[in-house]
Amino acid sequence: MKVIHYYLLLAWLGCSAYVPTRYKVETEKESLVSGYQFRTTKDTTTSLFSRFAYNDERLNIFPTYRSLATVEVYLAATKTPFLPSVTPHRFIQSLQQRNTKFQIRNGDLEALEANFALYLEALKDFLYLVDEMGGDPMLSKQEFNQQLKQKANLAAEKSWPTFKQKRKRVWKSFRQFRAQLKVAYETEKALINQYLYHKHLFDSLNGFWNTNDERLAIYVYTRKELFHKNTALGNLAGLVVITKENGLFSSDTPTIRRDFPAFAGRKNSLAVFLKEGANGATVSHEFGHLYYLYHHWDQYMDFIKEKGSGYVIGGHGTGDPSGEAAVLAELGEMPRIEKPVDPNQKIGDSLITAAAKRH
């Protein structure tokens, strides 16, 4: 099988620099990682959605819409693991509903569920001991020992090191959970902003089918920073991961795990990674890459072969149609489809499917 060498790209807004680092990848299973630079914003949910009513008809299609502001308040106000709140649980429930309702999904949900469960487990274990010691989770060593002397019925194994270790475990699990909650919150905020910015593109991607006639999900993740192992790639604002394995679109294959382990998505699904603070234009840009590559996979493989060693990883080399599609999407326009789409057409060799918006 022919092996193609690719150059990596550092793509800045307004300029670009080529990085002479080569990868050897089998053409038929090549994983395409498309990245681009944007300025990101730190707008709050309150400021972003202040122009929309709490019961806004458009945004209430998202089960998470009404809970975003409460999550923002929780993240800002909750600094201790010992204050109970229903906000995290309700947000997780709304994310579960979102991922069931849409093919464009919050990829950070599972990590959030796992971290929340670990936090609750550690908290429950510690609070059982706290109740035995008088109900104060912030006891000092001196106060703890005083309580021991007053409570002769306590088991001998109740000791300050045990109390301190359990409390330390709660704080650690709380910080990890809180960090993951912020990540999932940022992802959801970015997705809703993309919908507001370019609804037509959202609807199109939300209707993708894989080549086995099953729905093709797109999992979106947020990372505080997006760095490749080659630091010359720079700090990206977003990237997509897409490949084909055994004829099916996927973002998790041995090739991806070998070359881009930090950006492996899910088997038989597509993946988008965003830098924290991504706005609607940024997400639309990455969705533009997916839109083109999904509809023109075979043509794009031919384009890569023609470019040979001159192909620019990132999808923004001279004349790259994937990059053109991403820029159009960033500007709020639909990427071009070179062939008319039959709304009743199922998956075929052309890769032009019913994923396009139906009229």
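The values are calculated or read from the model by the stated rules, or taken from the named source; none is laboratory data. Everything numeric here is computed off the predicted structure, so don't read it as measured data. To get the accessible areas, we keep the full protein, side chains included, count just its heavy atoms, and leave off ligands, DNA and RNA. Shrake-Rupley method; radii C 1.70, N 1.55, O 1.52, S 1.80 Å.
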Round to the nearest 10 and report in Å² the accessible area of PHE174, as given by a 1.4 Å probe over the protein chains' heavy atoms. 10
Expected output is a single nm value to one decimal: the length gained when fully extending between MET138 and GLU121, i.e. 0.36 nm times separation in residues minus the C-alpha distance. What is it? 4.3 nm
